[in-house]
Structures are given as structure tokens and as C-alpha cells.
Amino acid sequence: MLLLAAIAALVWANSPWHEAYRQLFDTDIVVGVGHWSIDMSFRDWINDAAMTLFFLVVGLEIKRE
């Protein structure tokens with residue numbers, strides 16, 4: 001599934017519709033409760049989630065060892 005998603009992203013990014021691909025990742029996403037809010041682009045959300053997942057997995061592996 002991950003390989004298919006990567007191939008689809010590569011094809012989309014290198015197609016004539018590459019500007020739509022760029023606009024998708026530059027879309028701002030706001031999550032908030034009351035006066036508290038987080039305003040980041042879709043790219044930033046993906047990067048932060050990937051870093052969090054990476055360090056979680058590394059921490060679990062270290063704990064297991």
C-alpha cells in the first residue's frame with residue numbers, strides 16, 4: 001500500500017497537474033479549541049507526525065532492548 005501511494009505521488013508530482021500537488025501540501029490546516037489553535041500547512045503536519053512516529057518507534061525499540 002505504501003509503495004502504491006509513493007508511486008502515485010511521484011506520478012502526480014511529475015505530471016502536468018503538478019501545481020495541484022504543490023497547492024495540496026501548501027494548504028493551511030487549523031486545529032483549535034477555544035483561544036488555543038495550531039495553524040500549520042499540510043506539509044508541516046505530515047513532517048511533525050512522521051517525526052513523532054519515528055521517535056516513538058525508536059523509543060519502543062530501545063525500551064525493548
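The values are calculated or read from the model by the stated rules, or taken from the named source; none is laboratory data. Model, not experiment: these values are computed from the prediction. Cβ sites come from the backbone with ideal geometry, for glycine too, and all protein chains shown count toward neighbours. Just the protein is used for accessible areas: all its heavy atoms, side chains included, with ligands, DNA and RNA removed. Shrake-Rupley method; radii C 1.70, N 1.55, O 1.52, S 1.80 Å.
Per residue, how many Å² of accessible area does the stretch 23-65 show with a 1.4 Å probe?
91
Just tell me, in residue order, which DSSP H segments of the chain are both 27 angstrom or longer along the helix axis (alpha-carbon based) and at least -1.0 in mean Kyte-Doolittle hydropathy.
42-64
Given N residues in the chain, what is its alpha carbon radius of gyration divided by 2.2 N^0.38 Å?
1.51
Can you list residues from other chains, or at least 5 along the same chain, whose modelled amide H is less than 5 Å from the amide H of S41?
I29
Farthest toward the dipole's positive end in the chain, which of A50, L60, G34, given Cβ charges of +1 (Lys, Arg) and -1 (Asp, Glu) about the Cα centre?
Checked the options; the winner is L60.
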